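In what follows, a single structure is set out as structure tokens and then discussed.
Bear in mind these aren't lab numbers, they're just calculated from the coordinates by the rules spelled out. None of these values were measured; they are calculated from a predicted model. Cβ placement follows ideal geometry from the backbone for every residue including glycine, while neighbour counts extend to all protein chains displayed.
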Amino acid sequence: MQIRFHVDLQEINLRNLLKNGAFQFVDDATPWFPYTSGQIGPYYFQSIAIEKDGPAYATAIRSLVALIQAEAGTFDVISGGETRDWDFSNPVAVTLQKPHLKLYKDGKTLGADIAGKTVLHIADLNNEGSSLRDYWKPHIEKNKGRLIGFVSFVDRLEDGVSVLKALRLPALSVVSLNGQAWDLMLKEGYVSQSVHHALIARMQDKHAWALRALRAHPEFFFKLYRNPKTQAKAAKIMLTYPDIRTELEAMVQ
């Protein structure tokens, strides 16, 4: 029953995200996407695309609430980080009638007093985990609160998974971008067989997938590097993949 609960939440929200254009996938013009982490991948994602559709947005919030009520345990305060987390943390706090704390990267806070309180952090996305590790958890502790868990609307299953484990924080998500998610997209015609293959291949070994993609499309990296607006992204890619850095540098000579 619990497994079906998770599957139902995932499928309805994943379909809503797809219908509202939350995903872009690789094609002939864009063979890979640069990520802020310096990694590359076969898709680009915007969780707040769900807000284009009122009923879909409401479903997302109801799903977060249901998941929290079923599995998050007891806590005193809900927090959200600057700024997209607030789109999810604030309405969930209202629904659950919990105090809400807005966290800013500069250390500013607005809302609930968390001294001596337990805090559940809600985010739009679990991605690299750096904001939670470097900002939100330290800010909560500086204000004498105790972070007891992390809930995201979508988990991209990137490095944030390892960060949460290292922090020993329980993590929940409504939508996990796992093999079942990619299979649903293929089954319902949102992606082609070749794109599905790329999604699965990266999930199995994202580093090997990236090296193959960079080597297969040197012209795309060259274009990224030569554009002043995206050159910093290209430079970060070279730092992220040191075992191919010499090859990448040769591409732009």
Sequence ranges 165-175, 10-20, ranked by mean other-Cβ count within 10 angstrom, highest first:
10-20, 165-175
Within the set 102/144; 52/229; 52/187; 105/142; 19/102; 117/137, which residue pairs have Cα atoms separated by over 20 Å?
52/229; 52/187; 19/102
Using the crude model of +1 on Lys and Arg Cβ and -1 on Asp and Glu Cβ, and no other charge, please compute the dipole size for region 131-253 relative to its Cα centre, in debye to 20.
460
Angle check, please: helix 86-96 long axis (alpha carbons) against the longest principal axis of the chain (alpha carbons), in degrees 0 to 90, nearest 10.
30
Using Stokes-Einstein with the Kirkwood hydrodynamic radius over Cα pairs, what translational diffusion coefficient do you get for region 1-92 at 25 °C and a viscosity of 0.890 mPa s, in µm²/s rounded to a whole number?
162
I want the antiparallel fraction of DSSP beta bridges within the chain, as a percent rounded to 5.
30
The chain: most fluctuating residue of 158, 51, 71 per GNM, C-alpha cutoff 10 Å:
71
So for the chain, averaging the separation of alpha carbon pairs under 8 Å that are six or more residues apart and normalising by length, what relative contact order in percent results?
18
Please arrange 28, 155, 87 by how many other C-beta atoms lie within 10 Å of their C-beta, fewest to most.
28, 87, 155
Per DSSP H run of at least 4 residues, take -39500 (n - 2.57); add these up for the chain, divide by its residues and hand me the 222 nm value, nearest 500 deg cm²/dmol.
-14000 deg cm²/dmol
Can you give me the orientation-averaged projected area of the convex hull built on the Cα atoms of region 73-176, in nm²?
5.7
For the chain, diffusion coefficient by Stokes-Einstein and Kirkwood Rh (Cα), 37 °C, 0.692 mPa s, µm²/s
169
Sort out for me the Cα centre separation of region 189-212 from region 88-160, rounded to whole Å.
32
What translational diffusion coefficient, in µm²/s and rounded to a whole number, does the Stokes-Einstein relation yield for region 152-230 at 4 °C and a viscosity of 1.567 mPa s, taking the hydrodynamic radius as the Kirkwood radius over Cα pairs?
87
Just subtract the alpha-carbon distance of residue 141 and residue 115 from 0.36 nm times their residue separation and send over the number in nm, one decimal.
8.5 nm
